Amino acid sequence: MTNGTWTIDDSDRLYNVSKWSNGYFKIDESGKLKATPNPKKDVGILIDDVIEDAKEQGLSLPLVIRFHDILRSQVKLLNRTFQKVIDEEDYGGKFFGVYPVKVNQMREVVEEIVDAGSRYNYGLEAGSKPELLSALAYNTNIDSLTVLNGYKDRDYLRLAILGTKIGRKIFVVIEKFSELKMLVELSKEYGVIPNIGIRGRMTVKGRGKWESSGGEKAKFGLTTSEIILAIEYLKKHKKLGALKLFHFHIGSQITDIRSIKEAIEEGSRIYCKMQKIGAPLEYFDVGGGLGVDYDGTNSTNDSSINYSISDYITDIVYGLKTVCDLENVEHPHIITESGRAMTAHHSCVITNIIGEIDNTKIEFSTKKKTGEHHLVTEMRQVKDLLDKSKNWQEAYNDSVKIKSDSIHAFKLGILELEERAKIETLHLQILKQINNLVPDEDFQTEQIAELENSLSGQYLCNFSVFQSACDSWAIEQVLPVVPLTRLNERPSKRSTLADITCDSDGKIDRFYDPDEGFKKTLSVHELKEGEQYNIGIFLTGAYQDVMGDMHNLFGRVNEVHVYADKHDPKGFYIEETVPGSSARNVLSTMQYNPEYMAFKVKRSIDKQVARGTIRPRDGVSLVDFYESCLKSYTYLS
């Protein structure tokens, strides 16, 4: 702040935009948030303008905005950085990245990634039969790879053989020994065998929420003994020449670069030792794990990472080269399965605030009455003493104690409902006075949390956490949340964000504050009468798009696909709109029959018309209204 005036730099620091956005989002001079798909050129797209264009095309909030240029930019960044480091380190192999479809299976996302990666021979990774079906249809570049992970049955392996027959570079990664036997049998039946990969079960674990993906108790992969037996089995059946790839994976969202270094060291040794016992390997697949700095702390927090993409790539290339040179083994081609880092930044969820839940604004008379309970009198005395002495510490402790005693008294039936209401009102009045009276630094940490939680309200947001930000609920994933406007104004309130589902878990109450760490409340602005206040939830492009459920039958939200255009007056255009789910869509998914439902409601209305309780004209309007609701958006209008 400068001379008490709030600036956009203050908002940037408060919401940590520069730290988590990777340069793709900034605050413009007018205090509005903008997307900058090409950070070096700083050409901005005001998110408010995108919302207005979407409304003109018939879409309302909540809204998913996909900035496809950001998606393309991340694909370029990964591939160009790998090439740069390979050249600098004089590394003998090439880079062949693959995008794991599971991270975001949306057709538009997969298409964009394949197109952006075509010049780099950037391929796809599939972990199921449906994902393989999509990969066979969309990964048509004959020089890119298709890596197949996950448990496999005969049809899955037949699809792999089909891909091989039509000229695709298919790599079947063996997760368990029985898959190898099936693949060899089918290769004899069809006269062709895909490239084979073996996934090793590493002792190294990642760090973060998904560290259990690695280690000796991991779900996937072959033990050292099984790897040797697999090589011997392929020799026996004269298929050893198909063994081209060694793969490992130590977990998603790896927070600490040390885990990557350790994994490369162990994986490189296994690769080299396999070469020395006869495996004709050519590819080294480090799996996924490249993380995203969701909270912007550049740390080992579960929602952060303590490294950059450049650090990650350098450690892979340098670590692998070092071990291969020591073992006198030719440098392999490198594969990564980075999905989160490719997709997270490109998508955000925009929701409008439709109301506020703030119990501190309720005014209840605390006027003294004859014969009132002594706890009410004591709480009033605490407030009076605070007014006179300003001894906030004593007042705070006494007020908390009296409120606690009043709850016990009420449960025992010795405190009336009106008396309890007076105590609660006086308690809130005392907390408000203390909040205005005492600088934050004079509080203890637990007192700050108590005070903020007591005085904070809830902004009611027109969306479903379970549909659009499910990880924030399921695994307490921190997602950046920022108001889209008024960022040149000081936010005067702190609030949690509540969604419109009928579930107490339907809220976002974990935010990062650069001064105080993780908090339950977000700094927000006072709502203005007649002015819409919109909030953006960012870094939702990985997993959130595809893992959301239909809790309360709230379906997918409206969606727009945005491209930058320097010749357009607004700097962008909406290439495609995707309407969200209607009530009819979600009901059909849950095996309801909307046509039959409409018929039953119409029959009930017709009966009331026949009885004379509803006029015929009104009956027709009611039927039309019910049917229009079936066709409408599941969210609030």
Hey, can you grab everything whose amide H is under 5 Å from the amide H of F25? Only 5+ residues off in sequence or another chain; H modelled, so Pro and N-termini drop out. T36
Run the numbers on the chain and let me know its relative contact order in percent, using alpha-carbon pairs under 8 Å that are six or more apart. 16 percent
Note the count of lysine pairs whose C-alpha atoms are less than 18 angstrom apart in the range 359-452, limited to pairs 8 or more residues apart or on different chains. 25
I need the phi-derived Karplus couplings for the range 133-146: 6.51 cos²θ - 1.76 cosθ + 1.60, θ = phi - 60°, integer Hz, Gly and Pro marked x. 4, 5, 5, 5, 7, 10, 8, 9, 6, 5, 9, 8, 9, 10
Percent antiparallel among DSSP beta bridges with both residues in the chain, to the nearest 5? 50 percent
Taking θ as phi - 60°, what are the ³J(HN,Hα) couplings along the range 77-87 by the Karplus curve (6.51, -1.76, 1.60), each to the nearest whole Hz, with x for Gly and Pro? 4, 4, 5, 5, 5, 4, 5, 4, 5, 4, 5
Using only the alpha-carbon atoms of the range 359-452 as identical scatterers, what base-10 log of I(q)/I(0) does the Debye formula give at q = 0.11, 0.20, 0.25 Å⁻¹? -0.31, -0.97, -1.36
Per 5 Å bin, what is the whole-percent P(r) computed from every C-alpha pair distance within the range 544-629? 3, 12, 14, 13, 12, 11, 10, 8, 7, 5, 3, 2, 1, 0
Would you mind checking which residues have amide H under 5 Å from S338's amide H? H placed 1.01 Å from N; only 5 or more apart, or other chain. V98
For each of R258, R107, count neighbouring Cβ atoms within 10 Å of the residue's Cβ, then give the residues from fewest to most. R107, R258
Relative to the longest principal axis of the chain, what angle (0 to 90°, nearest 10) does the C-alpha long axis of helix 616-631 take? 40 degrees
Collect residues whose amide H, placed 1.01 Å from N in the peptide plane, falls under 5 Å from the amide H of K493; neighbours closer than 5 in sequence don't count. V524, E526
Using the Karplus equation 6.51 cos²θ - 1.76 cosθ + 1.60 (θ = phi - 60°), what ³J(HN,Hα) coupling, rounded to whole Hz, does each residue of the range 581-589 give in order, writing x for Gly and Pro? 5, 8, 4, 4, 4, 6, 5, 5, 4
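For every helix of n ≥ 4 consecutive DSSP H residues, a contribution of -39,500 (n - 2.57) applies; sum these over the chain, divide by its total residues, and give [θ] at 222 nm rounded to the nearest 500 deg cm²/dmol. Present the calculation step by step, with values, prior to reporting the outcome.
Values: 22 runs with 268 residues, N = 637.
Taken over the chain, the calculation gives -13000 deg cm²/dmol.
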Dividing the convex hull volume of the alpha carbon atoms of the range 372-415 by its residue count, what do you get in Å³ per residue? 44 Å³
Note down, for the range 584-631, the three equivalent ellipsoid semi-axes (square root of 5 times each alpha carbon gyration tensor eigenvalue), biggest first, whole angstrom. 24, 11, 5
Taking every eigenvalue of the Cα gyration tensor of the range 364-518, multiplying by 5 and rooting it, what semi-axes result, largest first, whole Å? 34, 21, 14
Would you work out the Kirkwood radius for the range 496-610? I mean one over the mean of 1/r across all pairs of different Cα atoms, in Å. 19.0 Å
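What number, in percent, do you get for the relative contact order of the range 299-429 if the mean sequence gap of Cα pairs under 8 Å and at least 6 apart is divided by its residue count?
22 percent
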Most exposed first by the Cβ proxy, i.e. fewest other Cβ within 10 Å, how do K165, K388, K422, K41 rank? K388, K41, K165, K422
Given a cut-off of 20 Å, name the pairs among K102/K181; K40/K84; K176/K244; K273/K321 whose C-alpha atoms lie farther apart than that in the structure shown. K102/K181
Treating the Cα atoms of the range 1-97 as identical point scatterers in vacuum, please give the log10 of the normalised Debye intensity I(q)/I(0) at q = 0.10, 0.16, 0.23 Å⁻¹, two decimals. -0.43, -0.83, -1.18
Modelled label-to-label distance, A421 and H374, 7 Å Cα→beta-carbon offset: nm? 2.6 nm
Fewest-first ordering of D624, D358 by Cβ atoms within 10 Å yields D624, D358
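Computed from the coordinates by the stated procedures, all read-outs in this text should not be read as laboratory data. Given the structure is predicted, the values throughout are model-derived calculations rather than measurements. Every residue, glycine among them, receives a Cβ derived from its backbone with ideal geometry; neighbour counts consider all protein chains shown.
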